[in-house]
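Asks: Handing you a structure now.
Laboratory data are not the source of any read-out in this text; all were calculated from the coordinates shown. These numbers were taken from a predicted model, which means no experiment stands behind them. Backbone-built Cβ (ideal geometry, glycine too); neighbour counts: all protein chains shown.
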């Protein structure tokens, strides 16, 4: 996953606001845990990704996360002994003991896996739609040296990966026994340390070692900043209100109990409207 520049309202918003919007999407499934709402949130995040032009990147993350979700369902069903509705009895299994698969354990594992999927998609949206360099520039006033170190780290990781590929290609061209991966890692690590020393000396000569905190930026808020800020606050407010009112309550142990599906669908619709409405205004996005 990497940042993908694209003319969209979320890309046009300031990085802190766009990041807050993505984090709000990832926080909602932990506030409202009804599977209908959590499943709707997964579709909402995918819709936001499509509106940003990064839908393909989010689908790639979903393909990696769905098998992990299914693994969570299986492991939770085998390990957890709670639940009253037994759907399968495996009997006494060596080491594991008596294994009874309950409907409640299956549903809980599925609900937890759905929350994991939404969080993974929300962070993938943050990675693909929020400029990391702009985020680090915003951190300069908090800690200049930390922001500089993070910027250099994100820039050097691809460089070191290219160095490793070049060294591996060169080693494969040599006759004889192919060197081990440990040898390759030792060469890359020593090269990284040499590169770090050279870079530190260059930064010191250019005055970064004694740099002062930059002046405060007075960039005015755009319509996209306001829209996504309101959207993030609305999603969190709706989720907290639904959880407090019990409109989308859901529980699994010792037996399944949930609010009527009509309330969950209403909450899902309100969240979808709050999340997707800012993407309707495409003025000033190129």
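Asks: Full-extension gain between residue 66 and residue 276, please, as 0.36 nm times their residue separation minus the C-alpha to C-alpha distance.
Replies: Full extension from residue 66 to residue 276 adds 73.2 nm.
Asks: Would you calculate the separation in nanometres between label points at residue 85 and residue 183, each defined as 7 Å from the Cα along the Cα-to-beta-carbon direction?
Replies: 6.0
Asks: 7 Å from Cα along Cα→Cβ at both residue 133 and residue 256: what's the point-to-point distance in nm?
Replies: With each label placed 7 Å out from Cα toward Cβ, I get 5.1 nm.
Asks: Evaluate E = 1/(1 + (r/R0)^6) for residue 233 and residue 193, where r is the Cβ-Cβ distance and R0 equals 41 Å; express this FRET efficiency to the nearest 0.05.
Replies: Efficiency at R0 = 41 Å is approximately 0.35.
Asks: P(r) for the stretch 1-106, please, calculated from all Cα pair distances in 10 Å bins and given in %.
Replies: The calculated distribution, bin by bin, is 12, 31, 26, 17, 11, 3.
Asks: Could you work out how far apart the two model spin labels at residue 59 and residue 74 are, taking each label as a point 7 Å from the Cα in the direction of the beta carbon, and quote it in nm?
Replies: Label-label distance for residue 59 and residue 74, simple model: 2.6 nm.
Asks: In which sequence would 190, 231 go, from the one with the fewest C-beta neighbours within 10 Å to the one with the most?
Replies: So the ranking, lowest neighbour count to highest, is 190, 231.
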